[in-house]
Structures are given as structure tokens and as C-alpha cells.
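Values quoted throughout were computed directly from the atomic coordinates according to the rules given, and no laboratory measurement underlies them. If you're wondering where the values come from, they're calculated on a predicted model, not measured in any experiment. Virtual Cβ from ideal backbone geometry, glycine too; neighbours counted across all protein chains shown.
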Amino acid sequence: MSIATRTGDTGTTGLMYNRRVAKSHPRVEAYGSVDELNSAIGMARSIAPAAVADPLLVIQKDLVVLMGELATAREDMERYLKDGFERVLPTHTVKLDGWVAAIEAQSITFKGWATPGMTPVSAALDVARTTCRRAERRVHSLFDSEGEGNAEILVYLNRLSDLLWLMARKVETQHEAPPAA
């Protein structure tokens, strides 16, 4: 089977369970923005040290769960869950909170506004952070347009952008540290 199905040639795309919507639909905008976020995190992970890369891989796997939920129309959510697919839960956010706390417990120096670009890793993390903020806005728009949604998704994305910011500052702080004698 070819990846080029041609079913989207007229401007529609398929959600989970073959429901068709316009490619400009708020749901597609939401999960598409999270897909961009996952790619941005993948870029950062590819150049990051293990202490940063390892949590990023866990996050990428959580984002797949998040995208699956967003790619499912409300009318199909019961079927989605019955089929054994996962939803974003507070336990997903708790992982982020743990990483935030661990970084905040370290000596991170920061003064003024962060200007992305001190290092390739911190710059990539800042791109991921701003992509995360856009995804958060798109998900919020989706929930506004449909009148409901899993609020934990918004909590997760908000916390994730905080974590990405902290990771970038951590990398910069380590970059500034004098070499060990």
C-alpha cells in the first residue's frame, strides 16, 4: 500500500475511525501542531546530552498518546477508549512536574529575558517551547469550538512549555560553567 492514498487531494483528511474533515478543521490544526511539536522535540533530542534527551524521548511517546486523542472526534471517543487507546491523564503531567522540580533544584543562573541561541541545544529547545505554546493555543481553540475537551491536555502542554524553557536554561547554564580542573 502506498503512502500516497490520494484521499486528501480534495482538502480533507481522515481522523481515527475514518471520519473525514477539512484539513483546516480545528481538530487537524490541534493535532497537527502537536505533531510539529513532536518533530521539534525530536530535533532537540538528536543533539542534546543524555540528561536532556532521555526525558525528551519519554515526552515524545506521551505526545503520540496526546495526538491520538486529539485525532479522535468526540463522537468516537467511547470507541477509542474501548479499543484500548490511552488518554492524557494527570499521571502524564506528574512526570513533567518531577522534571521541572529536579531542574529547579539545581543551580540555574538566569538574568533578564532569555534570548534563544546561546547553544544549538538550547536554541532547539526554545523552538520546541514556542511550538508547544502554539499547540496549546490550537488545542484551546479546538476545545472552545467544540465546547469541551480533555482539560488535562492543556495542563500537560502548559507544563511542557515550562519544562522546555527550563531545559534550555539548564543547557545554557552548563555551557557557561567553567571547565572542571
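Here are some notes:
- As a rough guide to protection, the peptides 97-108, 136-147 ranked by mean Cβ packing within 10 Å, highest first, stand as 136-147, 97-108.
- Computed from Cα atoms, the angle from the helix 26-47 axis to the main principal axis of the chain rounds to 30 degrees.
- Note on Tyr17 and Asp54: with the Förster distance fixed at 30 Å, the Cβ-Cβ geometry gives a FRET efficiency of about 0.30.
- Count of Lys pairs (Cα-Cα under 22 Å; at least 8 positions apart or interchain) in the chain: 4
- Once backbone amide H atoms are built at 1.01 Å from N, Thr12 has Lys23 as its partners under 5 Å, excluding neighbours fewer than 5 places away on the same chain.
- The charge dipole of the chain, taken about its Cα centre with unit charges on the Cβ atoms of Lys, Arg (+1), Asp and Glu (-1) only, comes to about 280 debye.
- Extension gain for Val94-Thr130 works out to 10.8 nm (0.36 nm per residue, less the C-alpha to C-alpha distance).
- Cα long-axis angle, helix 50-70 against the chain (0 to 90 degrees, to the nearest 10): 20 degrees
- Overall shape: prolate for the range 14-174, with the ratio a/c of the largest to smallest alpha carbon gyration tensor axis at 1.5 or above and a/b above b/c.
- Principal-axis tilt of helix 90-104 within the chain, Cα atoms, nearest 10 degrees: 20 degrees
- Centre-to-centre, using Cα atoms only, the range 112-147 and the range 18-74 are separated by 12 Å.
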